[in-house]
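These notes are about the structure you will find just below.
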Amino acid sequence: MRATESELPVFPFTTPDGSNDHERMVRLSEEQPITRVALAGQPAWLVTRHADVNTVLVDTRFSLARAIDPGVPRLGTFDLPPGQLLTTDPPEHTRLRKLVAKVFTARRIEQLRPRVQEVTDRLLDELAGMTPPVDLIEHFTAALPIEIICEILGVPHQDRDRFQDWTERLLTVAGLPVEEVRAGWTRMTYYLAGLVAEKRRAPTDDLLSMLIAARDEDDELGDDELAVFGLTLLTGGHDTTKNQLANSVAVLLAEHPDQWQRLVARPELIPSAVDELLRYVSLAGYEVTFPRVATEPVELGGVTIAAGDTVLISLNSANRDAAVFDSPDEFDPTRTPNRHLTFGNGVHRCLGAQLAKIELETGLGELTRRFPQLRLTDGELPWKKGVFVRGLHRLQVQW
C-alpha cells in the first residue's frame, strides 16, 4: 500500500542549516533504491540505483517533455522553457538533434582542442602574474568555458559578462521569486533571438550561423528553435564546466592533496582522473537531475510506476553504486572502465560532453603542471545553497 501524501518524506532532503542531506540519500540508496517522496507537495518517485537510473535515462517512456506540463511538480523555482532538447521527446527531439548534430560533430569539437589550450595558457599566464590569494573561479574556471562557448556560438566578446548574472538566475532553485527566474530565461532568449536575426542577415564562421544554414531535405531550425538551442548551449556549455572544474580542484586540494600530487607527478593520468572526478564530484545541487513523467505504466526495480507519475533520478547515487563501482566512495584516478552517468545516457545524453572533457582535461592538466603547489586559503569551502548546479561562491587559492 502506498503511503499517503502527508506521510511521504519531503524532497529535497536538507539539513537544519539548509545544506543538502547527502547522508539521507546514501541510506535510501542502500535501503529503498526506489522510493516515494513529496515534491512540491505532490507524490513523486526517487530512483537512486545505477541500473534503475540508467533505465529511466534510456527508456523513452519516461518523458522530459511531459515534465514541463502545468501541474507537474518542479524542483523549487527551477523551470525549463519548452522547445529545447531537454524539454522535447522523440520524434521532435530526434528532428532537433539530427539537425544540430550536422554541425556539432565530434570532429569539429576535437578541432577545438588547440584553441582550448591557447585560451588556457593565456589565462594561466595572467594568473601567474597576480598576487595570491586569487579567486580561481573568477580568473580561470569561469573564464575558460565561457570564452570557448561564446566563440563557438559567435557571441560578441563585450556581451559575455552579461551571461553570468542571467545563468545564476536560470539555475536557481530557492532564494529568488519564480518571476525573477523566468525573467532570466526571457532576457537571455530575447538576446539570442536578436543574435540569430543578425547572423541570418550576415552569417559568420560560427555555430549559430552554421545552424541557420543546416537543413535536412525541406526541414530546418526555426528562429525560435535556434534561439532556444543557443540558450541551452550557453548555459550548459559554461556553467556546468565552470563548476565541475572548480569543484574538482577544491575537492582534490581539500580532501585528497596526495592525489593532486599524484597528478602532478603523473600527467598521463589526467584523462582518467577527469572521468573519475565526473563520477566522484557531484554537480547536482539537490542530488537529482531534471524530473521526468511516465507516459505509461513501467515496471522498474520491483515497483510499478504508473502513467503520469513524476520520477526523479539521482546521478550522484548511481555514480556511487557499489554494484557497479569497486570502493565507490574512494577517489581512484586510475579507475577503468568508469561507467559514470554524469553526462546522462540515451537520446538525451549531453551533446556537449566531448567539449566539456576537452576543457576539463586541459584545465586540470595545466593547473597541475604549472601550479604544482596550489593550495586553498579558505578554511571552509563556501558552497552555494539553493542552486540546481552545485558550485562555490569563490575558490581562493595561493601557490
Exception for LEU374 within (1) farther than 24 Å from LEU234 by Cβ; (2) among the hydrophobic types (A, V, I, L, M, F, W, C); (3) in contact with a Leu (Cβ under 6 Å, 6 or more places away or on another chain) falls at (3)
Of LEU46, LEU86, LEU75, LEU80, which residue is part of a strand (DSSP E or B) and under 21 Å from the mean Cα position of the chain (by Cα)? LEU46
Being modelled with pLDDT of 85 or more and under 20 Å from the mean Cα position of the chain (by Cα) is the filter; apply it to region 152-173 and report the residue that is surrounded by the fewest Cβ atoms within 10 Å (Cβ to Cβ). LEU153
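I need the full set of residues from region 311-327 which are within 21 Å of the chain's Cα centre (by Cα) and in a loop (DSSP other than H, G, I, E, B), in order please. Talk me through it step by step, then tell me what you get.
Of all residues in region 311-327, those within 21 Å of the chain's Cα centre (by Cα) come to 311-321.
SER314, ASN319, ARG320, ASP321 - these are the residues of region 311-327 that are within 21 Å of the chain's Cα centre (by Cα) and in a loop (DSSP other than H, G, I, E, B).
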What about VAL56, is it over 24 Å from ALA250 (Cβ atoms), in a helix (DSSP H, G or I) and at pLDDT 90 or above? yes
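Here are some residues: GLY365, GLY308. Which one is free of Cβ contacts under 8 Å to residues at least 24 places away in the same chain and either buried (at least 18 other Cβ atoms within 10 Å of the Cβ) or over 19 Å from the mean Cα position of the chain (by Cα) (or both)?
Numbers: GLY365 fails: free of Cβ contacts under 8 Å to residues at least 24 places away in the same chain.
Testing whether each residue is free of Cβ contacts under 8 Å to residues at least 24 places away in the same chain and either buried (at least 18 other Cβ atoms within 10 Å of the Cβ) or over 19 Å from the mean Cα position of the chain (by Cα) (or both) leaves just GLY308.
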Which numbered condition SER209 fails, given (1) in a loop (DSSP other than H, G, I, E, B); (2) among the small types (Gly, Ala, Ser); (3) at pLDDT 80 or above: (1)
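Yes or no: GLU255 over 24 Å from the mean Cα position of the chain (by Cα) and among the charged types (D, E, K, R)?
Values: over 24 Å from the mean Cα position of the chain (by Cα): no; among the charged types (D, E, K, R): yes.
Answer is no for this residue.
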Anything in region 176-206 that is part of a helix (DSSP H, G or I) and of a type in the set (A, V, I, L, M, F, W, C)? List them, or say none. VAL178, VAL181, ALA183, TRP185, MET188, LEU192, ALA193, LEU195, VAL196, ALA197
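How many of the residues in region 244-292 are in a helix (DSSP H, G or I), small (Gly, Ala, Ser) and in contact (Cβ under 8 Å) with a residue 24 or more places away in the chain?
Just the residues of region 244-292 that are in a helix (DSSP H, G or I), to begin with: 244-255, 257-265, 267-280.
Now restrict to residues that are small (Gly, Ala, Ser): 246, 248, 250, 254, 265, 272-273.
Subsequent filtering for residues that are in contact (Cβ under 8 Å) with a residue 24 or more places away in the chain retains 246, 248, 250, 254, 272-273.
Qualifying residue count, region 244-292: 6.
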Restricting attention to region 108-130, does a residue exist that is assigned to a loop (DSSP other than H, G, I, E, B) and among the hydroxyl-bearing types (Ser, Thr, Tyr)? no
Name the residues in region 375-392 that are touching a residue at least 12 places away in the same chain (Cβ under 8 Å), part of a loop (DSSP other than H, G, I, E, B) and not polar (S, T, N, Q), would you? ASP378, LEU381, PRO382, LYS384, LYS385, GLY386, PHE388, ARG390, GLY391
Which one is farthest from PRO372 (Cα to Cα) among residues in region 251-299 that are among the β-branched types (Val, Ile, Thr) and touching an Asp or Glu at 6+ places or on another chain (Cβ under 6 Å)? VAL274
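In the set VAL324, VAL298, which member is modelled with pLDDT of 95 or more and either among the small types (Gly, Ala, Ser) or in contact with a helix residue (DSSP H, G or I) (Cβ under 8 Å, 6 or more places away or on another chain) (or both)? Don't jump to the end; show me each part of the working.
Values: VAL298 fails: either among the small types (Gly, Ala, Ser) or in contact with a helix residue (DSSP H, G or I) (Cβ under 8 Å, 6 or more places away or on another chain) (or both).
Exactly one of VAL324, VAL298 is modelled with pLDDT of 95 or more and either among the small types (Gly, Ala, Ser) or in contact with a helix residue (DSSP H, G or I) (Cβ under 8 Å, 6 or more places away or on another chain) (or both), namely VAL324.
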When region 327-345 is examined, which residues are found to be surrounded by fewer than 18 Cβ atoms within 10 Å (Cβ to Cβ), charged (D, E, K, R) and in contact with a helix residue (DSSP H, G or I) (Cβ under 8 Å, 6 or more places away or on another chain)? ASP332, ARG339
Residue in region 328-360 that is nearest to the chain's Cα centre (by Cα), counting only those that are more than 18 Å from LEU263 (Cβ to Cβ) and either aromatic (Phe, Trp, Tyr) or assigned to a helix (DSSP H, G or I) (or both): PHE343
Looking at (1) buried (at least 20 other Cβ atoms within 10 Å of the Cβ); (2) over 29 Å from LYS385 (Cα atoms); (3) small (Gly, Ala, Ser), which is the one condition that is false for ALA106? (1)
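The values are calculated or read from the model by the stated rules, or taken from the named source; none is laboratory data. If you're wondering where the values come from, they're calculated on a predicted model, not measured in any experiment. We place every Cβ from the backbone using ideal geometry, glycine too, and count neighbours over all the protein chains shown.
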